[in-house]
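Only one structure is covered here, and it is reproduced in the block below.
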Amino acid sequence: MVKKARTAEREAVPRRAARWPRKRRHLLGSAYLLLLLGCALLLVALSLTPAPAPTSQRQTLVVGALPFWNIGGGTETLVTHRESVNGVSPWMYGIGPNGGITTQYSPEDSDKVDRNLSRLRDAGLPVMPTLANITEGRWAYEPVARMLHDPELMRRHVAGIVSLVQREGYNGIDIDYEDLRARDRDAFTGFITLLAERLHAVDKKLSVALFAKTTDAGYDERNVAQDYAAIGRVADQVRLMGYDYHWSTSEPGAVAPVGWVRDVLDYAKTRIPPDKIVLGVPLYGYDWVDGHGESVTWLEAFRLATEHGAKVRYDRDRQAPWFRYTDEKGREHEVWFENAASSRAKFEAVRAAGIRGVYLWMYGHEDVGMWPALRDTLPVG
Amino acid sequence: MIPWWVLAVLVVGANFTLWGSVGAVRLVESLVRRAGERVPQRAVGPGAASKSGMRVLRSEERAPGGGAKSVDVGDVAVLIAAHNERVVIQDSIRSVLRLVPPKNVHVVSDGSSDHTYKLARRAGAKVIRTRKNVGKAGALQEAIERFRLVDRFRVVMLLDADTKVDANYFASALPMFDDARVVAVAGCVQTAWRRRGLSLMGKLLACHRERIYALTQYLLKFGQTWSRFNATHIVPGFASLYRTEVLPHIEMNPPGLVIEDFNMTFEVYQKKLGKVGFTPSAVAVTQDPDNLRDYVRQTRRWALGLWQTVRRHPPRANLFTLMLTLLLLELLTSSFLILLVPVILVALTVPQLLVGVPGMSGLHAFMAAHFSLGSLMFGVLLPDIVLTCGVALFQRRPRFLLFGAFFLALRVLDSVLSLQALARAWSLSTGRWRSPGRRAIGTGKM
């Protein structure tokens, strides 16, 4: 009786035979599993590749920053590697003792400068020269400070810059005013805001070079003077000078240790829209002896190492090459410089951070291996 | 740089978050319902349970079909498939005989070359032998037919020879069958803790397994087996109950499969046979491998069984497939990522190792740009430790904290085995088995 009831109960559950033949089922199941595997691999790959910087409109920027003393060699290099760069900023304007705009190179060099600027323009590179507060070959605080705290002087200075840009047909200007004081903060921001307004009104761009820092207060008064967030709001580009972590009068060490560079970018991204941040990458180093460092190009460092039979080592933590040697007078030297590997590490950091790009501080003969590394990591398409 | 919380979600899991939340809702719902029920639960002494200790509490919840008599222990056939289980078989039978009448206990000895058959008979069970070694699933199928379990019983308990069923098991599990839609009840796994003579490695492995059991059962399965969103990927074969009426619809022993329990679960859902019940109070204690070799073998077998089963069952438009897709996607992704952890760790901490190897400087720069020791710490190590602390607190077993540092290493091993097995899922297997080494246990404490 009971047994019968159970059998009936059992049959009440609709029997669902396999709807598909086994082979087809296996095929579908396999396809499902492979699809899952593919999706998982894709997820892993996506999570490991850097977020594509919003490059659709905002293309990666690679700018050659050409100091006037290297304008000949630097122009040659940039024209050779034209496909790897899409901007140039000749570092060549300064400020006269009276606050007017001057050129940093001597008048007899103006032909040479003009020739090279023409070559750069002919190569199709947008030119955005740098104006620095250099007066008669030295960083000068006074002329800029006077301008910052005198509305009339500021207005005239801004007008002077705008007319220079228009007269010479530049794409814009790059402002590099260094060593300001903490009390100049608001005035400097005000100046940049006004300049941006006037330049934008005539369809020109403004870039501002700022000291690297990892907190708002930074390391010094000059850092306080630079309000990342405010400048980041008004300027088109903020160029962070990611160099001289060790400098000529510090103890020897890497000019731009990559860990510090990453910290700088991490901080900067919290203040400045990432697509405005352009990291300055040094292509030079220092040869320290007796507490003083003399700047050296990659080529000079290479020669020094060869001449003295020094073994070049590579600091993996800081991502920088270095060596020691003893000179003819028996003095112990320590040299830290930059090469293809050390630059690549910084390019990778830029890519990972998803910022706009880099500018190369083209001090002199760089490691030519840097160019393929640049093409690999930050193609300008 | 990958934000640490992305790493954490990828490594710890979207599934834990999702099903943990569903589980929390289930818990709240059952608490509210219990509070709403003013009627005290009555103890019912059905036929076979007249002896003390065999009482089954009947749930107040009415079956939707209404009227059907509740399942009691007299309706449950216990079926143990055993292959060379001389060491543990008698203990297992004796322990289950404390809970069900002797006529309900069935043993099938599958190709045993030791005294399993004789010892099982002597312990008082009904025993048969397979003619040749047919594998666990084959043995179960043969036993179900030869013992005519489908006709004679309403529920069959599939029990491993090394499992000890807790005294409360049936009282907790059987009322779940009051819901006519429930066709299987998954037992709650615990690992045998107080085994004497376990090596340090054995203790670590037991600890690791217990941690996995705790996490998957409380954070996954409890939510997955809520009657409203019912979809779980495994009714473990070590101590679980099936309504006998669905067994004829389940293909128990398809050729090539190395384990049967994933497949039986998938069959239940993909053939829409019903729902799966689970309550953490239906506990059974299992022996986990006590040495690394057995652990590797067992983990590999489970992983292979899972992949083979996934291959057998094409996806369908149902909740089960959705649950499975999410689960497997995360399993695969986290396996790949966990495999990368040691690589990244080495690349970041021992950069000197890579000096002079061509191409390595680019790799190092890449690794260093995307990962930092900090994000590994926060994204991988910390979540792992937090989970461990949670389990230790929940289980009130400080031993977890002691072994905490090593779980990550075992997870790396698990990932390797899981991915290795994936490659092997396309080659066939006979389904023959070899149990991990067993040891006799003192009956003192389970």
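The values are calculated or read from the model by the stated rules, or taken from the named source; none is laboratory data. Worth saying up front: this structure is predicted, and the values here are computed from it rather than measured. Note that we place each Cβ from the backbone using ideal geometry, even for glycine, and neighbour counts take in every protein chain shown.
Below are the figures for this structure:
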item: Any hit, the range A:51-59, residues being crowded, with 16+ Cβ neighbours inside 10 Å, modelled with pLDDT of 70 or more and within 14 Å of another protein chain (Cβ to nearest Cβ); result: no
item: A:ASP203 being part of a loop (DSSP other than H, G, I, E, B) and more than 21 Å from A:TRP260 (Cβ to Cβ); result: yes
item: A:ARG316 more than 22 Å from A:LEU240 (Cα to Cα) and within 11 Å of chain B (Cβ to nearest Cβ); result: yes
item: B:ALA347 being part of a helix (DSSP H, G or I), touching an Asp or Glu at 6+ places or on another chain (Cβ under 9 Å) and modelled with pLDDT under 80; result: no
item: Test: A:ILE95 is β-branched (Val, Ile, Thr), surrounded by 14 or more Cβ atoms within 10 Å (Cβ to Cβ) and in contact (Cβ under 8 Å) with a residue 60 or more places away in the chain; result: no
item: Filter result (part of a loop (DSSP other than H, G, I, E, B) and basic (Lys, Arg)) within the range A:213-228; result: A:LYS213
item: Residue within the range A:2-23 that is at pLDDT 80 or above and either on the phi > 0 side of the Ramachandran plot or not in a strand (DSSP E or B) (or both) present; result: no
item: Answer from A:LEU279, A:LEU265, A:LEU210, A:LEU240 - the residue that is within 14 Å of chain B (Cβ to nearest Cβ), out of contact with any Asp or Glu (no Cβ under 6 Å at 6 or more places or on another chain) and in a strand (DSSP E or B); result: A:LEU279
item: Qualifying residue in the range B:141-154 (condition: touching a residue at least 60 places away in the same chain (Cβ under 8 Å), in contact with a strand residue (DSSP E or B) (Cβ under 7 Å, 6 or more places away or on another chain) and either among the aromatic types (Phe, Trp, Tyr) or in a strand (DSSP E or B) (or both)); result: yes
item: So A:ASP176, is it closer than 25 Å to A:ALA349 by Cα, among the charged types (D, E, K, R), out of contact with any Lys or Arg (no Cβ under 6 Å at 6 or more places or on another chain) and at pLDDT 95 or above; result: yes
item: Scope the range B:393-446; condition under 20 Å from the mean Cα position of the chain (by Cα), more than 24 Å from B:ALA303 (Cβ to Cβ) and modelled with pLDDT of 85 or more; matching residues; result: B:PHE394
item: Filter pass, A:VAL380 being at pLDDT below 95 and either of a type in the set (Asp, Glu) or surrounded by fewer than 16 Cβ atoms within 10 Å (Cβ to Cβ) (or both); result: no
item: Pair list, Cβ under 8 Å, 6 or more apart: the range A:37-66 residue assigned to a loop (DSSP other than H, G, I, E, B), other residue modelled with pLDDT of 80 or more and hydrophobic (A, V, I, L, M, F, W, C); result: A:PRO50/A:ALA352; A:ALA53/A:ILE355; A:GLN59/A:VAL380; A:THR60/A:LEU378; A:THR60/A:VAL380
item: Residue in the range B:116-126 that is crowded, with 18+ Cβ neighbours inside 10 Å, in contact with a helix residue (DSSP H, G or I) (Cβ under 8 Å, 6 or more places away or on another chain), hydroxyl-bearing (Ser, Thr, Tyr) and at pLDDT below 90 present; result: no
item: Identity of the residue in the range B:314-330, facing chain A (nearest Cβ under 8 Å) and part of a helix (DSSP H, G or I), that ends up nearest to the chain's Cα centre (by Cα); result: B:LEU328
item: Failed item, numbered, when A:ARG344 is tested on (1) surrounded by 22 or more Cβ atoms within 10 Å (Cβ to Cβ); (2) among the basic types (Lys, Arg); (3) away from every other protein chain (no Cβ under 14 Å); (4) more than 26 Å from A:PRO129 (Cβ to Cβ); result: (3)
item: Subset of the range B:197-249 (residues that are part of a loop (DSSP other than H, G, I, E, B), more than 14 Å from chain A (Cβ to nearest Cβ) and not hydroxyl-bearing (Ser, Thr, Tyr)); result: B:GLY197, B:LEU198, B:TRP226, B:ARG228, B:PHE229, B:ASN230, B:ALA231, B:ILE234, B:VAL235, B:PRO236, B:GLY237, B:PHE238
item: Subset of the range B:86-111 [buried (at least 18 other Cβ atoms within 10 Å of the Cβ), of a type in the set (D, E, K, R) and more than 14 Å from B:ARG122 (Cα to Cα)]; result: B:ASP110
item: Count of the range A:210-226 residues which are closer than 21 Å to A:ALA140 by Cα and surrounded by fewer than 18 Cβ atoms within 10 Å (Cβ to Cβ); result: 3
item: Single match in A:LEU66, A:LEU78, A:LEU46, A:LEU35 (criterion: modelled with pLDDT of 55 or more, loosely packed, with under 12 Cβ neighbours inside 10 Å and more than 8 Å from every other protein chain (Cβ to nearest Cβ)); result: A:LEU46
item: Any hit, the range A:216-231, residues being under 20 Å from A:ALA353 (Cα atoms) and touching a Lys or Arg at 6+ places or on another chain (Cβ under 7 Å); result: yes
